[in-house]
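In what follows, a single structure is set out as structure tokens and then discussed.
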Amino acid sequence: MLTNYWKAWWKALRPFSFTTALIPTILGGLLGWIEGKFSLALFLLVITGGVLLQAGTNLINDYFEFKQGLIGDKANLGISFKDRTPIEKFIFISGILSFASVIPLGLYFIYLRGLPILILGMIGLWGGYAYTGEPFVYKKKGLGPLLVFFLMGNLMVFGSYYMQTANLSWYPWLSSIPICLLTSLLLISNELRDIKDDAKHGIKTMSVRLGEKKSIKIFRLIFIVTYISQIILVEFNLLSQLSLLTIIISPIGLRLNRLIVANRKKLVFETAYFHLYFGSILIISELLSKLII
């Protein structure tokens, strides 16, 4: 019994997706360091908060869509909490506890940095829950890729940066655009994997609304625009020239292009890895560029 709980919980948690929280929070802290303001303790606390928020989002998403793999996927979206199995209830409660664990950190951050962090925290908690949580469910409104661009990209980078600097600046918003695009790319890969099941169960994601062919074109376009945006940011000195080393993993894009047709389950994992590799190279190159100079 406990083994089943563990397997279901671990699958619902989806640790491979934590890159979407780790990369933005690390990047934001690095941008603060570049401006000469850095606290290692705050840096680690912000990363912890970001990962807890991502964990809560994954668990709540699993609860509302039955993805733990032990019962029918997306089979009974309408049943009440009291009618759920113990495993489902455990996953839901775990998700709520993950969100609740962020609150003490958030209160401490608000104490240090004030109203901007309160606003960011409220938006972040809402965004994590409302992706699939009732009643808003912005995933069903086709807003997922657009909102995660800001929620799991811009806001996380800016929040991490602001905790270090207390500066209201466009610098982290603009510098994070390539990472934001890849976060949206990851979500679209997930939508493309589930597009038939989503359409069958009336879950009108962006990919369901636009159709498979258009969604594939958008996926490919975002991949290209990610590199174009990086080049523009380098031209305006918002990213270092060394950051263009991300080009060395561009061949992975060719593999992603094949997986769109051949294996969409693998596509999700490979897109997550690409997000991780790209973000890691970007972060390391920015760090090295400042140390060398």
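The values are calculated or read from the model by the stated rules, or taken from the named source; none is laboratory data. If you're wondering where the values come from, they're calculated on a predicted model, not measured in any experiment. Methodologically, a virtual Cβ is constructed for each residue, glycine included, from the backbone with ideal geometry; neighbour enumeration extends over all protein chains shown. Note: accessible area is taken over every heavy atom of the protein model, side chains too, but ligands, DNA and RNA are not part of it. Shrake-Rupley method; radii C 1.70, N 1.55, O 1.52, S 1.80 Å.
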Could you grab me the full set of residues in the stretch 1-44 that are among the hydrophobic types (A, V, I, L, M, F, W, C) and surrounded by fewer than 16 Cβ atoms within 10 Å (Cβ to Cβ)? 1, 2, 6, 10, 16, 38, 40, 41, 44
Part of a helix (DSSP H, G or I), among the basic types (Lys, Arg) and either touching a residue at least 12 places away in the same chain (Cβ under 8 Å) or out of contact with any helix residue (DSSP H, G or I) (no Cβ under 7 Å at 6 or more places or on another chain) (or both), is that true of residue 204? no
Can you name the number of the only condition in (1) at pLDDT 90 or above; (2) acidic (Asp, Glu); (3) in contact with a His (Cβ under 9 Å, 6 or more places away or on another chain) that residue 65 fails? (1)
Take residue 158 and tell me if it is in a helix (DSSP H, G or I) and touching a Ser or Thr at 6+ places or on another chain (Cβ under 8 Å). yes
Scanning the stretch 136-153 for residues that are aromatic (Phe, Trp, Tyr) and not in a loop (DSSP other than H, G, I, E, B), the one most open to solvent (accessible area, probe 1.4 Å) turns out to be 150
Selection status of residue 167, open to solvent by 70 Å² or more (accessible area, probe 1.4 Å) and outside any helix (DSSP H, G or I): no
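Restricting to the stretch 213-235, and then to whatever is over 21 Å from residue 193 (Cα atoms) and free of Cβ contacts under 8 Å to residues at least 12 places away in the same chain, can you tell me which residue is most open to solvent (accessible area, probe 1.4 Å)?
So the first thing to find is which residues in the stretch 213-235 are over 21 Å from residue 193 (Cα atoms), and the list is 225-235.
Narrowing further to those that are free of Cβ contacts under 8 Å to residues at least 12 places away in the same chain: 228, 232, 234-235.
Working: 228: 85, 232: 89, 234: 15, 235: 137 Å².
Here the residue is 235.
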Lone qualifier among 182, 239, 147 - being aliphatic (A, V, I, L, M) and under 30 Å from residue 111 (Cβ atoms): 147
Tell me, yes or no, whether the stretch 237-252 has at least one residue that is part of a loop (DSSP other than H, G, I, E, B), open to solvent by 60 Å² or more (accessible area, probe 1.4 Å) and free of Cβ contacts under 8 Å to residues at least 24 places away in the same chain. yes
The conditions are (1) touching a His at 6+ places or on another chain (Cβ under 6 Å); (2) more than 29 Å from residue 265 (Cβ to Cβ), and residue 186 fails exactly one of them. Which is it? (2)
